[in-house]
Amino acid sequence: MKSWIPVAALAAISSGVLPPTSASAQTTATATTSPEALALGQSIVAIILPPSTRQATMDKLMRTMVDQMKAGIPVDGITDPGLRRILDGYLADIPNIVRPTTSAFLPKQMDAMAQAYARMFSLAELKDIAAFANTPSGKSFLQRGPEVMSDPAVAAVNTEYFSQIQAINARTVPELKRKIEAYLKAHPDAAGNKASGGAPAATQQ
């Protein structure tokens, strides 16, 4: 069994579920926005992901992504039943593994999205967006967005995507491992930092 499969699985899931929080986004989070713009941003986010159904929506989206990812990695090539059970169990448990973190960060992500909308759009644009979001069609369009991931056409593309990503991992991870091992061999003092809980010593310059 390829050791990179679980790593690729977590990377794929974590990158596809929630809006990313970059260093630049964290830096600009304190930028001044008008109270009216922020309130409109918050109202739009509340329509897109209503608080009462927010967690359930994210759980469903997570499982959809996991199922598509499982379909895109070559687990069928694992013939040993014991190894297959371990991998299948791990993949099936990914939503449960990441759920506590997802739940903890969900309110922060929603607040960050509201702030982002308040900065990205003018007050007039926010009013137009909010007006659309409050129509039956607008509300349905925004709230049903995550359902697109379950559409057969989207699922097929995502499955192919995950398959190609794991193929890229298969090609690149051995070379990365070789470079790290060579570096640690040339810099044995760096190996002692691996257990410190910080970034891998090979990336600390």
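Checking residue 170 against (1) exposed (fewer than 12 other Cβ atoms within 10 Å of the Cβ); (2) among the hydrophobic types (A, V, I, L, M, F, W, C); (3) more than 27 Å from residue 56 (Cα to Cα): exactly one of these is not met. Which one?
Of everything listed in (1) exposed (fewer than 12 other Cβ atoms within 10 Å of the Cβ); (2) among the hydrophobic types (A, V, I, L, M, F, W, C); (3) more than 27 Å from residue 56 (Cα to Cα), residue 170 misses just condition (1).
List pairs: first residue in the range 43-59 and under 21 Å from residue 123 (Cα atoms) and at pLDDT 95 or above, second residue surrounded by 14 or more Cβ atoms within 10 Å (Cβ to Cβ) and of a type in the set (D, E, K, R) anywhere in the structure, Cβ distance under 7 angstrom, at least six positions apart or on different chains.
47/139
Check off (1) over 14 Å from residue 42 (Cβ atoms); (2) in a helix (DSSP H, G or I) for residue 79 and give me the number that stays unchecked.
Against the list (1) over 14 Å from residue 42 (Cβ atoms); (2) in a helix (DSSP H, G or I), residue 79 comes up short only on (2).
Among the residues of the range 21-31, is there at least one that is at pLDDT below 80, within 13 Å of the chain's Cα centre (by Cα) and either under 26 Å from residue 159 (Cβ atoms) or hydroxyl-bearing (Ser, Thr, Tyr) (or both)? Even if it seems obvious, please write down each step before you answer.
Of all residues in the range 21-31, those at pLDDT below 80 come to 21-31.
Next, from what is left, pick out any that are within 13 Å of the chain's Cα centre (by Cα): 21-22.
Subsequent filtering for residues that are either under 26 Å from residue 159 (Cβ atoms) or hydroxyl-bearing (Ser, Thr, Tyr) (or both) retains 21-22.
Checked against the condition, which is being at pLDDT below 80, within 13 Å of the chain's Cα centre (by Cα) and either under 26 Å from residue 159 (Cβ atoms) or hydroxyl-bearing (Ser, Thr, Tyr) (or both), the range 21-31 yields at least one hit.
The values are calculated or read from the model by the stated rules, or taken from the named source; none is laboratory data. Treat the numbers as computed from the prediction; the structure is a model and nothing was measured. Ideal geometry is used to build each Cβ from the backbone, glycine not excepted, and the neighbour counts take in all protein chains shown.
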